[in-house]
1. Testing Asp40 on (1) over 25 Å from Val206 (Cα atoms); (2) at pLDDT 95 or above; (3) acidic (Asp, Glu), one condition comes back false. Which one is that?
2. If only one of Met72, Met77 is near the ligand (Cβ under 9 Å from one of its atoms) and modelled with pLDDT under 95, which one is it?
3. Are there any pairs, at least 6 apart or on different chains, whose C-beta atoms fall under 6 Å, with the first in the stretch 237-259 and of a type in the set (Phe, Trp, Tyr) and the second at pLDDT 95 or above and buried (at least 17 other Cβ atoms within 10 Å of the Cβ), and if so, which?
4. Condition (residue is loosely packed, with under 15 Cβ neighbours inside 10 Å, under 15 Å from the mean Cα position of the chain (by Cα), closer than 30 Å to Asp49 by Cα and not assigned by TED's automatic domain parsing to the domain that holds Val62) applied to the stretch 221-234: is it met by at least one residue?
5. Select, from Leu45, Leu56, Leu108, the only residue that is surrounded by 24 or more Cβ atoms within 10 Å (Cβ to Cβ), in the same structural domain as Ala175 (by TED's automatic domain parsing) and under 30 Å from Gln200 (Cβ atoms).
6. For the stretch 123-165, give me each residue that is outside any loop (DSSP other than H, G, I, E, B), near the ligand (Cβ under 8 Å from one of its atoms) and either surrounded by fewer than 18 Cβ atoms within 10 Å (Cβ to Cβ) or modelled with pLDDT under 95 (or both).
Amino acid sequence: MKTYDDILIDKLENGVCCITLNRPEARNALRTQLLAELSDAFNTLNFDDSIRCVVLTGGEKVFAAGADVAEMASMGMMGIMQDERPKYWASIAAFPKPVIAAVNGYALGGGCELTMHADIIIAGSNAQFGQPEINLGIIPGAGGTQRLIRTVGKALASKMILTGEFINADTALSAGLVAEITQPESCIDRAIELAQKIAQKAPLAVQQVKAALNKSYETSLSDGLNFEREAFVMLAGTDDRNEGLAAFLEKRKPEFNGK
Ligand code: CAA
């Protein structure tokens with residue numbers, strides 16, 4: 001796999017790849033180059049059958065402090081209108097394999113929005129989530145107003161986005177934004193542990209689960225149930241489904257091959 005400047009790619013054992021945002025001097029601010037690299041990495045991992053789950057982290061100190069404010073300040077309205085960044089965000093959102101965000105320290109603005117592109121968020125006890133764009137005279141630009149409200153509800157999302165106040169890991173857990181809290185130094189390891197567990201499951205079923213869960217965010221219950229039913233029927237034609245059922249009946253561990 002190729003190497004990048006703003007992100008580090010670490011292919012681990014057992015079907016997991018760890019992507020680390022790597023601009024510590026700017027608190028991992030998401031400049032366009034970083035987003036382009038992230039999008040390219042996800043596109044590459046999409047076609048890499050050896051990778052079944054991705055861990056996304058900023059390391060032990062900070063997840064990401066949002067869009068690069070210096071870069072944004074140099075762009076006028078035309079620049080923002082013609083910006084290539086929405087294209088990169090869209091390809092991150094469209095990545096079909098599960099992503100687990102391991103979040104330590106600040107996840108602000110675009111950083112908080114990036115965590116919400118993950119399927120599962122594991123937070124270090126030092127994590128802080130916020131949408132402070134209002135303090136800059138702007139609003140969230142990568143889905144914050146839409147995804148946060150669907151995740152934590154109107155009351156907390158409105159408070160966070162209108163005041164710019166951060167929430168800590170405990171509040172994020174009780175609000176349903178994060179799935180688990182760990183010690184900061186254990187956060188990435190715990191995310192990898194969960195990713196390795198997911199990577200052992202049948203890949204096509206895992207991807208259909210992700211698609212169905214995401215579908216529930218943007219459709220009616222009846223359309224969502226139809227989507228789930230179609231996915232369920234489609235999976236009935238896979239080798240892995242036959243293997244999973246046979247392995248259970250034969251009291252052995254299944255061997256899934258993604259077919
Ligand atoms: N963009 C560019 N540079 C940033 C940055 C950002 N978002 N956040 C931090 N940096 C830089 C600082 O300018 C500073 O650089 P210098 O050393 O060259 O001065 C360096 O990172 C360290 O920052 P601080 O000294 O401020 O570090 P801190 O630990 O005291 O504070 C922080 C950390 C709370 C994250 C603070 O830096 C901060 O508030 N950052 C901005 C957060 C923000 O407003 N994010 C929203 C951006 S807009 C957005 O994201 C829009 C969108 O939806 C897509």
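The values are calculated or read from the model by the stated rules, or taken from the named source; none is laboratory data. Remember, it's a predicted structure, so these values are computed and weren't measured experimentally. Here the Cβ is made from the backbone with ideal geometry for all residues, glycine too, and neighbour counts use every protein chain on show.
1. The single condition Asp40 does not satisfy is (1).
2. Within the list Met72, Met77, the selection yields Met72.
3. Phe256/Ala202; Phe256/Asp240
4. no
5. Sole residue among the options that is surrounded by 24 or more Cβ atoms within 10 Å (Cβ to Cβ), in the same structural domain as Ala175 (by TED's automatic domain parsing) and under 30 Å from Gln200 (Cβ atoms): Leu56.
6. Asn135, Leu136 - these are the residues of the stretch 123-165 that are outside any loop (DSSP other than H, G, I, E, B), near the ligand (Cβ under 8 Å from one of its atoms) and either surrounded by fewer than 18 Cβ atoms within 10 Å (Cβ to Cβ) or modelled with pLDDT under 95 (or both).
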